[in-house]
1. Within the accessible area of the stretch 110-166, what % is carbon and sulfur when the probe is 1.4 Å and the other protein chains stay in place?
2. What percent antiparallel are the DSSP beta bridges of the chain, to the nearest 5?
3. Using the alpha-carbon centroid of each, what span in Å lies between the stretch 430-489 and the stretch 257-332?
4. With θ taken as phi - 60° and the coefficients 6.51, -1.76 and 1.60, list the Karplus ³J(HN,Hα) couplings across the stretch 297-303 in order, rounded to whole Hz; mark glycine and proline as x.
5. Helix-only mean residue ellipticity at 222 nm, the chain, DSSP H runs n ≥ 4 weighted -39,500 (n - 2.57), per residue, nearest 500. What is it?
6. Using only alpha-carbon positions, what ratio does the radius of gyration of the chain give when scaled by 2.2 N^0.38 Å?
7. Considering the stretch 110-166, what Rg and Dmax in Å follow from its alpha-carbon atoms?
8. Over all directions, average the projected area of the Cα convex hull of the stretch 409-493 and note it in nm².
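The values are calculated or read from the model by the stated rules, or taken from the named source; none is laboratory data. A quick note: this is a predicted structure, and the numbers were derived from the prediction, not measured. These accessible areas exclude ligands, DNA and RNA; they are computed on the full protein's heavy atoms, side chains included. Shrake-Rupley method; radii C 1.70, N 1.55, O 1.52, S 1.80 Å.
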Amino acid sequence: DLERRWWKEAVVYQIYPRSFNDSNGDGIGDIPGILEKVDYLEALGVDVVWLNPVYESPMADNGYDIADYRSIHPEFGTMDDWERLLEELHARDMRLIMDLVVNHTSDEHEWFVRSREGDPEYADYYYWREGRGDGPGGKGQPPNNWNSFFEGPAWTYDDERGEYYLHLFDEKQPDLNWRNEAVRESVYEMMTWWLEQGIDGFRMDVINLISKPEGLPDGDPDEGLTGAEHFTNGPRSGQYIDEMCERVLSEEEMTVGEMVGVDAETAREYVGGDGSGLSMLIHFEHMGVDTGDGGKWDVEELDLLEFKDVITDWQETLADEGWNCLYLSNHDQPRAVSRFGDDGEYRRESGKLLATFLFTLQGTPFVYQGQEIGMTNTTFETRDEIRDVEAANFVEAALESGEYDSYEEVRPIVEARSRDNARTPMQWSDEPHAGFTGEEGDGEPWLPVNDDSEAVNVAAARADGDSIWHYYRELIDLRERRDVFVYGDYELLAPDHPEVFAYRRTLEDETLVVACNFFDGEPTVELPALAEAEESPDLLLGTHGHGDENGGRRRSDSGATLELRPYEARVYEL
Ligand code: ISL
Ligand code: CA
């Protein structure tokens, strides 16, 4: 969509506060810690910060279980600290978007506490149902067969109220009843309050799960997560999101909806090109290209042809209407170099390759903290090193199922997929705890630092002109200077090539041709687009373009044929 918007031209940097920078040495990242790093963010050149939840929370799901929407959790600092952060970002022309988690609250939120007491004002704020049939202690069985994203039934019996309540995530994350108008009003008021504090938008957690169908019907137990066909994109989800946009939001804000189980066609219903709807969506389709039918724990090799299909579908479907959110990792996903690249010999090359890819598609790139230095997955030698509720529950269920005999057998899956991979502390330097914790560096981080921190850290990367970090800087600059990066049309090239992902971007008389080798071979690829040009194409940027004997700025090798080195990416201008 060629219509200009500030958030289309922006580069987003995602901060997971718990793991970003700890100012007071208690081992937990905090807002004063982020304040120490705003100059770092400015130096990198990013435009928007997305902050994962920092609100009051018992931390059953690291803050995605909110107990008070209008306050800052003491571990993270105070409301004053937060205000200073907003000021300091704004003073540097950066914007701030906050995480909006309104599919569910914490069970310690006042609304839930009152709801379980049966307080008439809040009684209907959540999904309460009686058990079905006979069951132990007169509780009956759960009201339907839906399962939680975090394993097991999506219902928990509450002794105080004597009924079951629905939770699509952890039992400490009860789902809000969006059919209740008072719930919606309360959410809109809270959102308005945050906008009045001066924020620039929201990232909306699992926002397409908020509508559940009348009668809460059973799901098909043979289809993925049981019940998902009912609670994803439920009957009124579009209506509620429209209402929210109308009541609370204007065209000024950036709104990023996180949506599980949406395809590009469905996305168009949520991201209207006419200024209505959300700005963009975080979808999961490309997170499935190395995953089997069994869902996220069913680990497979990257299927590049499937990857091309998914990306191309989103690029084309949202070309005229809507906009893409581009990401390769976040706080819920493994580290990008470990997953889609190589975290050993070719860490540097593949880190740059993935950066090239991320910044040359149409859409708004999201960089997850540490990605700019090529941080890698970590290890979980023993079960008790796992902190994440999702991974912990998976291991428990896997061992109970009898499919695995020991943790040792499940371990490779955990190490490939645990969300903790993304949550190890940011690596700032080669000092103790990678410079993450306190000035004294003596606080034990809440999650151990990855053991590659001596080599992989911000200080080292900034001191090395050929690092992934400097490559990000260059891409950020280029994208800011050249509209074709942002608004250019996308066209897939060499569609059947199994190792190289190539495409053309065109905006009026500007044309880019991008070739990305996703593996460690040395493939040849024919790109007739390169030979069509009147003058020989210029290499604008390349993963191997700096400090290398071949001199970097290579002409297209021979006419239309390119020979690529392991994990090499090149961006040509025609
Ligand atoms: O992590 C996941 C995929 O690997 C999902 O199960 C994830 O929980 C889902 O993508 C929704 O994520 C969001 O909502 C969750 C929270 O735990 C995640 O951190 C958040 O990003 C519940 O609020
Ligand atoms: Ca701290």
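1. Numbers: 1170 of 2880 Å².
Reported share for carbon and sulfur atoms: 41 percent.
2. Close to 60 percent.
3. 26
4. Values per residue, Gly and Pro as x: 8, 8, 7, 10, 5, 4, 9 Hz.
5. Values: 18 runs with 161 residues, N = 574.
Computed mean residue ellipticity for the chain: -8000 deg cm²/dmol.
6. Details: Rg = 23.9 Å, N = 574, 2.2 N^0.38 = 24.6 Å.
Taking N as the residue count of the chain, the ratio is 0.97.
7. Over the stretch 110-166's Cα set, Rg and Dmax evaluate to 11.6, 32 Å.
8. On the way: hull surface 38.4 nm².
The Cα convex hull of the stretch 409-493, projected and averaged over all directions, gives 9.6 nm².
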